[in-house]
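So the structure is just underneath, and the comments pick up after that.
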Amino acid sequence: MAALLASVSYGGDHDGLTVWPDGTWRAGVLHGGAAKPAAEYVGAGARAAARERAAAELAAELERLRDALADAEAELRAHTDAVAAWDAHLDAFPDDRELIGARVSADETSRQAAEAASRAEQRRTDHTAADGRVKAAEAELARDAGEAGLATDTESLRAAHRSAAGLRDLAASLRDALGRRCASTVRDLADALHDYHAAVADREAAEAVAEEQCVEFHREAAALAELTSAVGGEAARVQGQLAELDRERKAVRERLPEARRAAVEVSNQVVKTQTLLETRTAEIDGKAAGAAAAARSFGEALDAPGVWAAAVPTERPESDVDALAVLAEAVAASKRLPGEDAVLTKLQTLQAALAGTHNVAPERHAGILTVVVSAEDGPAPVAVAARRVAEHLAERRDFLTERYQGIFALHLVRELAERLSAQIAVAEDLTRRMNEVLETARSSQGVHVRLEWQPAPWLDESTLEGLKLLRTPFAQRTPEQDARLQQVFTERIEAERDSGSAGFGEILSRALDYRSWYAFTVRVRDTGPDGKPRSRRLRQLSSGETRLISYVTLFAAAAAFYGAISAGSAMSPLRLVLLDEAFERLDDPTIARMLGLLVDLDMDWVITWPSGWGVSDRIPRMHIYDVLRPKSGHGVACTHTTWDGASLDRDDP
């Protein structure tokens, strides 16, 4: 201890830990300051004064809470009276169902009356129209009867009708008689007359054809006579030539369809070739324009700030063609190119990480999303800024490592090791207290739980070795063991630093979190069929036993926590458990056992569960509030019931 105090410099300039009278201190590169107006923990008088101040503050707070409780109770009574008055008004309100039913019946009757009046009016209109049509038909019939010389009265028309019917029957009889007697003669006469007319027409046609043939014969005979007299001996040669020309004409006529088909095919092929040539020419022009536009866009993209630096670590070639080849190689070598959504997501993460030190703003150049980071040395594209940070980090990595080693040598290996060892001891004490509580908490079948807090199976060998060294007191550790412990801490911090970006404090917090080095194992124990103790796995239990063990473990953890706090303080804390939607699918006897366990652990509770009471004689007093809400209602009702250990007493409003 003397050597430890001697290593602390008071008011001087020392490389190690130095403190000054004004409360400031410095340890290597770390420095700070703190001051208090009065002592609080050092000295019995200071502690007594602190306790008196705390008691006075608690008394004042208790008085204020009592006043607030009185005001709340007065307000509750006023609201309860108002609710009772409104309920009385609602109960006295007359029933309006008969009035509503009468109004609906009256509306329905009015609607039916209106529909009946509309139908009557339509029938009246149809009757008037039909009456007009009847009168018009009567006038037309009277006019037709006058033109036919008939009377217009009904009897005269009936007599005329009977006379006309008799005449129609006589005419039909005469027609039948004439048909039977003269039908065959009339048909023969009609056939003979038809044959006669046909023979006359054939004769006239034959005479006309003969006349035309005679005229043609005389004309050709005259022409032949003239040719014979004019040509003489050349007639035979001309006739031969005519015959040869006629044969050639027939041959040409036979070849003409094939030649026409070939000409049509050649013409179609020429049209197709011209159309294809025009299409290809237009495509070549479009691709040339697209290539020129792509070249311009590529040049504009390369000119966007930070694009080339983000894609390729080398300098940009002067020629765009060479730049394209370099980018093609880089794209082919990359495994996966990120999309704009992924870039925006990472941009939000970067903005959150650099908030307060850098200004990160997205921009668009030539349709490309770029990011500009503004720092002390001015704005720069994110790739350029990242390269600068990487260069500075590479330059200062060795220097930072030396600083880390100095801090570890002065603080972590000694103070941090002792702190971690103390925290682990506290955690083991809490585990021991939990097991003591769990040993007394057994189900009706004798099932109980024991917790084991051991190093996690996923830890590496170096961390396990560091845990063993932490359990060794500082006075018993050798310098070689301190060096090994420092190496373990250094490896964990460097691994955490390389795994992500964060501040130094957060890196230390994650790397030295002893809670991640340990794991809880739940051991379920009971008595087997053979009467001997046995251990079971959680998945071998029923769902009810699993829930029971979960709640028992939770209550034991809370009791151990409050017990550890009470052990180090003169004042006992409020041992309160808050649970929401608890005891699902547990019966009332099991719920009563759970609450009895809380009573045995000297715990108070505020718990909500779906239904049930869960009362037993082990619970000395409990307030139960039932919240009721009707399915079609807009409000809720609350009933208060008090359990006094023997009976239930409901407060009726």
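Where a number appears in this text, it was derived from the coordinates with a stated rule and is not lab data. Computed from a prediction, not measured in an experiment: that's the story for all the values here. Here the Cβ is made from the backbone with ideal geometry for all residues, glycine too, and neighbour counts use every protein chain on show.
The table below lists the values:
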item: Net charge over other residues, Cβ less than 11 angstrom from the Cβ of Ala68 (K, R count +1; D, E count -1); result: -4
item: For Trp20, residues with placed amide H under 5 Å, excluding near neighbours; result: Gly11
item: Stretch gain in nm, segment Val599-Glu461, where the contour uses 0.36 nm per residue and the Cα spacing is subtracted; result: 45.2 nm
item: Total charge dipole magnitude, the range 581-653, about the Cα centre, Cβ charges on Lys, Arg, Asp, Glu only, Debye to nearest 20; result: 280 debye
item: Placed amide H near Val371: partners under 5 Å, 5+ positions off or other chain; result: Glu363, Val382
item: Note, ³J(HN,Hα) from phi for the range 455-472, Karplus 6.51, -1.76, 1.60, rounded to Hz, x at Gly and Pro; result: x, 5, x, 8, 6, 7, 5, 5, 5, 4, 5, x, 5, 4, 5, 5, 6, 7
item: Estimated vicinal HN-Hα couplings, Hz - the range 105-113 in sequence order (Karplus 6.51, -1.76, 1.60; Gly, Pro = x); result: 5, 5, 4, 5, 5, 4, 5, 5, 5
item: Simple spin-label estimate for Trp20 and Asn359 in nanometres, 7 Å along Cα-Cβ; result: 3.6 nm
item: For the range 630-635, Karplus couplings with θ = phi - 60° (6.51, -1.76, 1.60), whole Hz, Gly/Pro x; result: x, 4, 9, x, 10, x
item: The range 423-499 - charge dipole about Cα centre, Lys and Arg +1 at Cβ, Asp and Glu -1, debye rounded to 20; result: 380 debye
item: Estimated distance in nm for a label pair at Ser319 and Ala425, the labels positioned 7 Å out from Cα along Cα-to-Cβ; result: 7.6 nm
item: Cβ-placed point charges (K, R +1; D, E -1), dipole of the range 55-158 about Cα centre in debye, nearest 20; result: 940 debye
item: Euclidean distance between Cα centres, the range 558-598 to the range 43-82, Å; result: 25 Å
item: Under 5 Å, built H, 5+ apart or other chain: amide partners of Val577; result: Asp604, Trp605, Val606
